[in-house]
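What follows is a single structure, written as structure tokens, with notes after it.
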Amino acid sequence: MVAAIGKPKSEGAPERRIVPDVVRQHAEQAAFFWAQRDTLMMDDPPDLHVIAGVDGRLEANLDGLRIAGQAAWPFIVAAYEDFPEKGELFLYAWMAIEQNDGLRVSEAVELGRQSEDDARGLVGALAWHKPGTIAAEVPDWIGAQDAFKRFLGVSACLEHGVDPKQMLARLFRDPDARVRAASLRLAGKLRRDDLATELRAALQDGEEQSRFWAAWALAELGSGDLAIPELRKVAVGGGPDAMTALRAAVRAAPDKDVRAWIGGLLKSPETAPLAVRGAGMLGDRSLLHWLIHQMRNPALAAAAGGALLELFPEAREADLFTTEPSQVGQDFEDHFGDFGAKVPFADKVKEWGHKNSLML
């Protein structure tokens, strides 16, 4: 069903009337699907095939809102008021930008300022739109007195891979920590070799996020020897950037050194899951038998499953995982409790490996 129906006015100009329940459904589902795809993108590694399917459903609902036009706003506002989370903020910001509505964009910025997740939904809306659509706002935001707007401007550049040229080095020294972290990350994404000196200096930043992204950027530039201590510290710390840090740390050092480090992590129960997950980043498919062994340990199974999918993306097409650990065994149920972890069936993986001649 379409969200709006064209009906001629008496004077010949078209009048748009909507089907309220349909527009409400479009708004609710658009918010839900974007939040779902954002969460899926945090998986390591993400299932891009599944995400592509979600993207299609998201875009279909956004199309419905495009058709409804201004008449969609009461439902968008109500969705945010009822559930002010990242998906609803995405929807609010997306529609404001879509309609080039400066007042609504300003409202979305203020809603993003109040969020507790660095305005993921607002940044997501900036990413979803084409660069040309947001080109008018971004330069003004980057040069704004308002630190949050500067953060949004740099984040938009980061999402679209846009280089702010000479302004980037200045942003490294921004008084706002979020702006510094985002700009350092952008330098790594753009591989700005000319800023290597400034990136090395940023390793001494007082904020961990800034130090981490400076280290990550240096690793991207091929200066991993300088970055390794900070990357390993963040990886072992277990925070939200741990997997990104682990991946960069694996790439930054020679294979022999990385394997020695992973071997050391395996010796401690606290860091053993990190070691198993890191093993999957080595690119060594001969580790399959060893990974299957780790899958039999509830404490290491989820990490081993992630490593499997990294080394063997084709394993996604096989029925090798469950989100009900009790199906694997009582010890798995005892370990995970009510937490619906995604864990592999070790025996199924072994059978699959033999069937596909992957067991060396």
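Derivation of every value follows stated rules applied to the coordinates shown; laboratory data play no part. Fair warning: this is a prediction, and the values are worked out from it, not measured in the lab. Ideal geometry is used to build each Cβ from the backbone, glycine not excepted, and the neighbour counts take in all protein chains shown.
Taking all Cα-Cα distances within the stretch 226-297, those exceeding 17 Å account for 39%. With everything on Cα atoms, drop me the angle between helix 86-98 and the longest principal axis of the chain, reported from 0 to 90° to the nearest 10. Helix 86-98 sits at roughly 50 degrees to that axis. Taking packing as the residue-averaged number of other Cβ atoms within 10 angstrom, the listed peptides 294-304, 234-244 run from highest to lowest as 294-304, 234-244. Charge tally around Leu126: other residues with Cβ under 9 Å, Lys/Arg +1 each, Asp/Glu -1 each, net -2. Axis of helix 147-160 versus longest Cα principal axis of the chain: the two differ by about 70°, to the nearest ten degrees.
Specify the angular offset, from 0 to 90 degrees and rounded to the nearest 10, of the alpha carbon long axis of helix 48-68 from the longest principal axis of the alpha carbons in the chain. Taking Cα atoms only, the helix is inclined about 10 degrees. Count Lys and Arg as plus one, Asp and Glu as minus one, and take only other residues whose Cβ is under 15 Å from that of Val162; the net charge is then +3.
Coupling constants for the stretch 198-213 follow from the phi torsions by the Karplus curve (6.51 cos²θ - 1.76 cosθ + 1.60, θ = phi - 60°), and in residue order they are 5, 5, 4, 5, 5, 5, 9, 4, x, 9, 4, 4, 5, 4, 4, 5 Hz; glycine and proline get x. The Rg/Rh ratio of the stretch 172-256, with Rg taken over Cα atoms and Rh as the Kirkwood radius over Cα pairs, comes to 0.94. Remark: the stretch 268-360 carries a charge dipole of roughly 340 debye about the Cα centre, counting +1 on each Lys and Arg Cβ and -1 on each Asp and Glu Cβ.
Output the relative contact order of the chain, whole-number percent, from Cα pairs under 8 angstrom with separation of 6+ residues. About 8 percent, as a whole number. Ranked by the mean number of other Cβ atoms within 10 Å of their residues, highest first, the peptides 157-169, 20-32, 181-193 fall in the order 181-193, 20-32, 157-169. The orientation-averaged projected area of the convex hull spanned by the Cα atoms of the stretch 289-360 comes to 4.2 nm².
One Cα centroid belongs to the stretch 308-360, the other to the stretch 125-174; the line between them spans 42 Å.
Between Leu184, Leu291, Ala235, the Cα set farthest toward the positive side of the dipole of the stretch 174-296 (charges on each charged residue's Cβ, about the Cα centre) is that of Leu291. Each residue of the stretch 226-241 was assigned a 3J(HN,Hα) from its phi angle through the Karplus curve 6.51 cos²θ - 1.76 cosθ + 1.60 (θ = phi - 60°); the sequence is 7, 8, 3, x, 5, 4, 5, 5, 5, 4, 6, x, x, x, x, 9 Hz, with glycine and proline shown as x.
With +1 on the Cβ of every Lys and Arg and -1 on the Cβ of every Asp and Glu, and nothing else charged, how large is the dipole of the chain about its Cα centre, in debye rounded to the nearest 20? Walk me through the intermediate numbers first.
Values: 41 positive and 54 negative charges, 179 e Å.
Dipole magnitude for the chain comes out near 860 debye.
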